[in-house]
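Comments concern the structure below.
The values are calculated or read from the model by the stated rules, or taken from the named source; none is laboratory data. Bear in mind that the values here come from a model prediction, so they are computed numbers and not experimental data. In this analysis, Cβ positions are derived from the backbone assuming ideal geometry, glycine residues included, and neighbour counts consider all displayed protein chains. Areas reflect the complete protein model, heavy atoms only, side chains present, ligands, DNA and RNA absent. Shrake-Rupley method; radii C 1.70, N 1.55, O 1.52, S 1.80 Å.
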Amino acid sequence: MRILIYGAGVIGSLYAALLADAGYDTSIYARGKRLEILKNDGLLYKKNQDLIKAKIKILEEVPDDDIYDFILLTVRENQLYEALTELKNNKSNTIVTMVNSLDSYKKWEDIVGTGRILPAFPGAGGSINDDGILDASLTPRIIQQTTFAEISGNKSERTKHFSKILKHARIPYQEVKNMHMWQLCHLAMVVPIADAYYEADCSERAGRDWKIMKKTAKRLKRNFNFLRKQSGRLSPGKMNIFCFLPLSILAIMLVITFESSFGDKFMYQHAMKAPDEMRELHKQFYAYVKRMKACGCKVKNAV
């Protein structure tokens, strides 16, 4: 079983370490300073109180005839099209796109070929320090699992295969029917959260700004009420909590979450390290909402 992680940031590095630790033949593709660190020191990561070196191959190029069972594409949204273009001639059959995006999956398939894309999203967060050491972990199962689906929404042999890989690596996962709807709900949540950090006078203390928390709660309710009205259902179903919780209770829950160690690791750190990506996703999400309102369209899969 050969797996390539294309992208050596926090997400890619963590999945590479977990899959290698589970015994899979794992390679990671990197560039620039991160590539030099990995070549010199290897992929070092914290596990409990120990510092571990992952047993992986470090790549600075991916030849067309270097075939993998799965390629996990773990890049930022603004790096997506360059990455797909670089992988289009590679002979591997499946590219798992673990990327924040509202783009049509057909646009991606137009680049790499029909049937190669398996849309997905990671469930992880953390950081890489100045020495290149990874300090990251999987998101608690109840919050967010690694999520994926065929574009068609149907189960397939490769989703079964991918499920077995994740299960063996002890990575919590879920297969959904409509990945586009799941991505929409995810952005409906993370965009207002990131905006809260950017709008606060002190980003690190955004949770202590009651006005910001109340504004964020209003934005969350507005986003999810719109999606629920347009589609009839939210994915995952637990997102309905944003529709039904009273505004004051939701704002208090946000304060608690923003001030927690979970909020720091899985929300604050990403928002601060990827502001360009999050602001672009803000534009994409609200432009999408505006288009849907203008045409009165229902939310469908992004085929």
Positive-end residue of ILE28, THR139, MET98, charge dipole of the range 2-177 with Cβ unit charges: THR139
For the range 181-301: accessible area per residue (Å², 1.4 Å): 51 Å²
Over the range 43-100, relative contact order from alpha-carbon pairs under 8 Å, at least 6 apart, %: 36 percent
Relative contact order of the chain, defined on C-alpha pairs under 8 angstrom at six or more residues apart (%): 15 percent
Environment charge at LYS39 (Cβ cut-off 12 Å; Lys +1, Arg +1, Asp -1, Glu -1): +1
Span from the the range 45-95 Cα centroid across to the the range 229-249 one, whole angstrom: 35 Å
Shape of the range 224-303, Cα gyration tensor, a/c cut at 1.5: oblate
Global form of the chain, assessed from the alpha-carbon gyration tensor, a/c cut-off 1.5: oblate
Expected 222 nm ellipticity per residue - DSSP helices of 4 or more, -39500 (n - 2.57), all of the chain, to 500: -14000 deg cm²/dmol
Furthest towards positive pole of dipole, THR74, PHE121, TRP210, structure part the chain, Cβ charges: TRP210
Amide H contacts of ALA136 (H built 1.01 Å from N, under 5 Å, at least 5 apart or other chain): LYS46, SER127
Electrostatic dipole magnitude of the range 2-177 [Cβ: Lys, Arg +1; Asp, Glu -1; Cα centre; debye, to 20]: 600 debye
Accessible carbon and sulfur surface of the chain relative to its total accessible area, %, 1.4 Å: 51 percent
Within the chain: Cβ-based charge dipole about Cα centre, in debye rounded to nearest 20 (Lys, Arg +1; Asp, Glu -1): 1660 debye
Cβ-derived FRET efficiency at R0 30 Å, LYS33 paired with ILE256, nearest 0.05: 0.25
Residue-wise HN-Hα coupling along the range 45-62, computed from phi with Karplus coefficients 6.51, -1.76, 1.60 (Hz; x: Gly, Pro): 9, 8, 9, 6, 9, 9, 9, 10, 10, 5, 8, 10, 9, 9, 10, 10, 7, 10
Solvent-accessible area per residue for the range 2-177 (1.4 angstrom probe, square angstrom): 47 Å²
The range 80-170: relative contact order as a whole-number percent, Cα under 8 Å and 6+ apart: 22 percent
